[in-house]
Amino acid sequence: MDDILNGLNTKQREAVTTVNGPILIIAGAGSGKTKALTHRIAYLINKGIDPTNILAVTFTNKAAGEMKERVLRLIQNIIPVPGVTDTKKPTRTTRTGKYSLPTISTFHSFCAKILRREIHFLGYDNNFVIFDPNDQLSLAKKIIKNLGINSDKFKPATFLNAISDAKNELIDHRAYEETNESFQKETIAKFYNEYQKELKKNNAVDFDDLIMFAVQILQKYPQILEKYQTQYKYVLIDEYQDTNQAQYTLTKLLAREHNNICVVGDDWQCIYTWRKADFRNILNFEKDWPNAKIIMLEENYRSTQNILDASHGIISKNIYRTDKKLWTNAKGGDLIAINEVWDENEESRFIIAEIAKLISEKKYSPKDFVVLYRTNAQSRAIEEAFLQANFPYKIVGAVKFYARREIKDILAYLRLLTNPADTISLQRIINVPPRGIGKISMEKIAMEITNITDEHCLKNKIILPLKAHKSLLILSQMISTLRARLDKLKLTKLIDMILSNIGYENFVKNGTDEGESRWENVKELITVAQKYNNLNGEIALKQLLEDVTLLSDADDIEPKNDTVNLMTLHSVKGLEFPVVFITGCEEGLLPHSRSWTDPVQMEEERRLCYVGLTRAKKIAYMTFAAQRNLYGRSENNAPSRFIADIPEHLIDFRSQISGDNDDNENKVIDMP
């Protein structure tokens, strides 16, 4: 028992030792929520509760694995744990005499286990397969063709995203048909119906079906619900603020018989509403469970008090939130470093200089730093600066800028302009966007074409289906025409013409948020090209391709563990670093321009900034640029309103703009 309760503060101990009844643990950033959750599981087992009666659910395999590992270490002296317990040591058994372990799983893995036993109630075989995104896409294309849907107007991803959203709200294909209010929804309803028929025909489910089908079975068959309620008398849910309607309903169904539900979360850190996460689930917990005990974990073990107070200044402007105030024994600390820079290039150089300075003082190593940004496109300038400075880095949760599929596509077109015999680039883009050139035709072209502009060869020496042959000639003519005009076109204009000729914007957007992000990356490539516009067209093109190649070669250096981390604000949730840089703290980026007219989205942007700032243990920087080149245009945006929300006495303001450094301590920042 001492091993389980040792090291817990008063509130954590209360969360761990309250055995029965509904419990809501509001766990502030860095307050030890995982510790409270895992120690609670161990405490329940130590009190004689059968481990098989305990269910703990979280969102990622990584989180589930960490929870399981911690629990196993805590209970190894209570019950035998395979691979952990020394079998020679005397151990206690559970009441049943079994040595089974608690169920610690992700939502989707847990529901898959339910369906393996019960899906026959829905007319499926228990050996069903789970379609991955590529399987879904192939199926979607087939259905679009069979239904005669206009594939130019309705992209597969549009349907798949709409269906995913519906399933997360527990709206099946029958219910969706009743909600169609427009031609688009009516079309999606037809697709949804066919999609589910095809899945069933293949004895397949998709990722979202796992939870929706499990809920449907539990709701429709009381005897099945009773079986799982009897098994799982104690239900624990991690990151409760990130649950969607389907996950919320599943949780409530399982726990309502015994009322022994413990949820852990923080509404201040809900940043996934675009995935249908509903932070109101945590705010309404007391309504769902009237006798719930509410426990606030407000002692922070990560950050200094100055970082916590600055973060509180930002999040306290939100209306829809719980009320708490984080505190720590690490009093004071460095002020929040607010830095004005001229543009994104100076921003990147400033970050590298600050990191180098702190490392030279032997206070930190590269792995202690993280550079955060709101959009992936911002990483381009930062990544280039790190490469040019030969500074070790890694991009977390994203593909490197010049390795991204959409960037490689456009670079392949550009390479063909300088070298029409580049068959590797030709193979990459010959059917991108789709031109009706099938696999067999592509193989013929790869074997027989050595120069895309050799029209004699294309017309007379290669036999292809009519559509493929026509498409190949059109591509060849486009390359030839642009090659002839190289010296008359600025590089940015050349890229614009390629994008326009091939219809890449419509192709890459594909009706998805990911598509929008990919198109933003393409526009960021135009920003890169702007600095070559003062050169002759062909020289500019060759120089760009050479520079990009050199950057890519440098990027292939053997990766080191001790590297600076670059990632989006969304990717950093759940992590912590001694030193944090939040870049692009400008109106339009953070908060994103999409949130300006939507108070709900603005509150999410504020939570996103809060999450970023509370990742810092010792030092936090926030940077903003006087002007920023992004998406192919130069913008002059005001500093983020979130900077103005930080109490003035917590800010150390510095301007990196030439001429502004003499009296920067007293400089007033103009806020929106």
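The values are calculated or read from the model by the stated rules, or taken from the named source; none is laboratory data. Treat the numbers as computed from the prediction; the structure is a model and nothing was measured. All Cβ positions, glycine included, derive from the backbone under ideal geometry; neighbour counts span all protein chains shown. The accessibility values were calculated without ligands, DNA or RNA, using every heavy atom of the protein model including side chains. Shrake-Rupley method; radii C 1.70, N 1.55, O 1.52, S 1.80 Å.
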Helix axis angle, 222-231 relative to the chain longest principal axis, alpha carbon, degrees: 70
The stretch 1-81: radius of gyration and largest Cα-Cα distance (Dmax), Å: 12.2, 34
Per-residue SASA entry for TRP596, accessible area with 1.4 Å probe, Å² rounded to 10: 130
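What FRET efficiency comes out for the pair GLU257/PHE121, r = Cβ-Cβ distance, R0 = 30 Å, nearest 0.05?
Numbers: r = 20 Å, r/R0 = 0.66.
Efficiency computed from Cβ-Cβ geometry: 0.90.
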Filter on LYS197/LYS444; LYS394/LYS444; LYS62/LYS227 - keep pairs with C-alpha separation over 32 Å: LYS197/LYS444; LYS394/LYS444
The stretch 327-379: radius of gyration and largest Cα-Cα distance (Dmax), Å: 13.6, 38
Accessible area per residue, Å², the chain with all protein chains present, probe 1.4 Å: 45
FRET efficiency, HIS649 to LYS394 (Cβ-Cβ, R0 41 Å, nearest 0.05): 0.70
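Can you list, largest first and rounded to whole Å, the semi-axes you get for the stretch 161-261 by taking the square root of 5 times each eigenvalue of its Cα gyration tensor? Could you put the intermediate results ahead of the total?
Values: eigenvalues 168, 46, 26 Å².
Semi-axis lengths for the stretch 161-261 are 29, 15, 11 Å.
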The chain - mean residue ellipticity at 222 nm from DSSP helices (-39,500 (n - 2.57) per run, n ≥ 4, rounded to 500): -14500 deg cm²/dmol
22 Å tail of the calculated P(r), the stretch 435-509, as % of Cα pairs: 32
Neighbour net charge for PRO133 - beta-carbon separation under 11 angstrom, K R +1, D E -1: -4
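Roughly speaking, what is the stretch gain from LYS459 to LEU535, that is 0.36 nm per residue apart minus the C-alpha to C-alpha distance, in nm to one decimal? Intermediate results must be reported in sequence, preceding the final value.
On the way: separation 76, 0.36 × 76 = 27.36 nm, distance 3.59 nm.
Length difference between fully extended and current span is 23.8 nm.
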The chain: angle of helix 33-46 to the longest principal axis, Cα-based, in degrees nearest 10: 40
Rounded, prolate or oblate (a/c below 1.5 giving rounded, otherwise prolate when a/b exceeds b/c) for the stretch 214-294 by Cα gyration tensor: oblate
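Leaving ligands, DNA and RNA out of it, report the carbon-plus-sulfur percent of the accessible area of the chain at a 1.4 Å probe. Write out the running numbers ahead of the final one.
Numbers: 14580 of 30260 Å².
Here it works out to 48 percent.
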In degrees, nearest ten, helix 439-448 long axis to first principal axis of the chain (Cα): 40
Relative counts (whole %) of C-alpha pair distances in the chain, using bins that are 10 Å wide: 3, 13, 20, 22, 21, 14, 6, 2, 0
Computed over the chain: relative contact order in percent, which uses C-alpha pairs under 8 Å that are six or more apart: 17
For ASP652, distant residues with modelled amide H under 5 Å away: ILE336, ALA337, ILE338
